[in-house]
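I have placed the structure first, in the form of structure tokens, so that the comments after it can refer back to it.
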Amino acid sequence: MQTTYTVTGMTCRHCVASVTEEVSEIAGVIGVAVDLDSGRVDVTSDTPLDRAAVAAAVEEAGYELAP
């Protein structure tokens with residue numbers, strides 16, 4: 001299952017790496033693809049993800065999940 005989120009505040013490849021690393025640690029996540037220009041984050045998981053868990057992971061990386 002793939003879910004798309006928008007993350008604000010990313011400005012460089014380091015930002016992309018940080019978000020990718022944190023979101024990848026969520027249980028059930030099997031893939032993360034981040035587009036820096038749009039802020040789009042496509043998360044592939046084997047089960048539905050809790051939006052709050054994704055938001056917490058993004059915040060841990062230092063960014064915000066757009067509403």
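Are any residues in the range 50-65 surrounded by 13 or more Cβ atoms within 10 Å (Cβ to Cβ) and of a type in the set (A, V, I, L, M), and if so, which ones?
Ala53, Val54, Ala55, Ala56, Ala57, Val58, Ala61, Leu65
Can you say whether Ser24 is in contact with a strand residue (DSSP E or B) (Cβ under 8 Å, 6 or more places away or on another chain), without any contact (Cβ under 8 Å) to a residue 12 or more places away in the chain and surrounded by 13 or more Cβ atoms within 10 Å (Cβ to Cβ), as far as the supplied structure shows? Even if it seems obvious, please write down each step before you answer.
Values: in contact with a strand residue (DSSP E or B) (Cβ under 8 Å, 6 or more places away or on another chain): yes; without any contact (Cβ under 8 Å) to a residue 12 or more places away in the chain: yes; surrounded by 13 or more Cβ atoms within 10 Å (Cβ to Cβ): yes.
Considered against the rule, which asks whether it is in contact with a strand residue (DSSP E or B) (Cβ under 8 Å, 6 or more places away or on another chain), without any contact (Cβ under 8 Å) to a residue 12 or more places away in the chain and surrounded by 13 or more Cβ atoms within 10 Å (Cβ to Cβ), Ser24 comes out as yes.
Has the range 21-31 got at least one residue that is over 11 Å from the mean Cα position of the chain (by Cα) and either modelled with pLDDT under 95 or more than 19 Å from Met1 (Cα to Cα) (or both)? So that I can check it myself, show each step before the final result.
To start, the set of residues in the range 21-31 that are over 11 Å from the mean Cα position of the chain (by Cα) comprises 27-28, 30.
In the following step, the residues that additionally are either modelled with pLDDT under 95 or more than 19 Å from Met1 (Cα to Cα) (or both) were identified as none.
No: zero hits.
Please state which one of Thr11, Thr47, Thr3 is assigned to a strand (DSSP E or B) and exposed (fewer than 15 other Cβ atoms within 10 Å of the Cβ).
Criteria check complete, one pass: Thr3.
Those residues that are in a loop (DSSP other than H, G, I, E, B) and of a type in the set (S, T, N, Q), I need them from the range 25-44; list them, please.
Of everything in the range 25-44, just one residue is in a loop (DSSP other than H, G, I, E, B) and of a type in the set (S, T, N, Q), namely Ser38.
When you go through Thr3, Thr44, Thr11 one by one, which is the residue that is among the β-branched types (Val, Ile, Thr) and out of contact with any Ser or Thr (no Cβ under 9 Å at 6 or more places or on another chain)?
Going through Thr3, Thr44, Thr11 in turn, just one is among the β-branched types (Val, Ile, Thr) and out of contact with any Ser or Thr (no Cβ under 9 Å at 6 or more places or on another chain): Thr11.
The values are calculated or read from the model by the stated rules, or taken from the named source; none is laboratory data. Since the model is a prediction, treat every value here as computed from it, not as a measurement. Ideal geometry is used to build each Cβ from the backbone, glycine not excepted, and the neighbour counts take in all protein chains shown.
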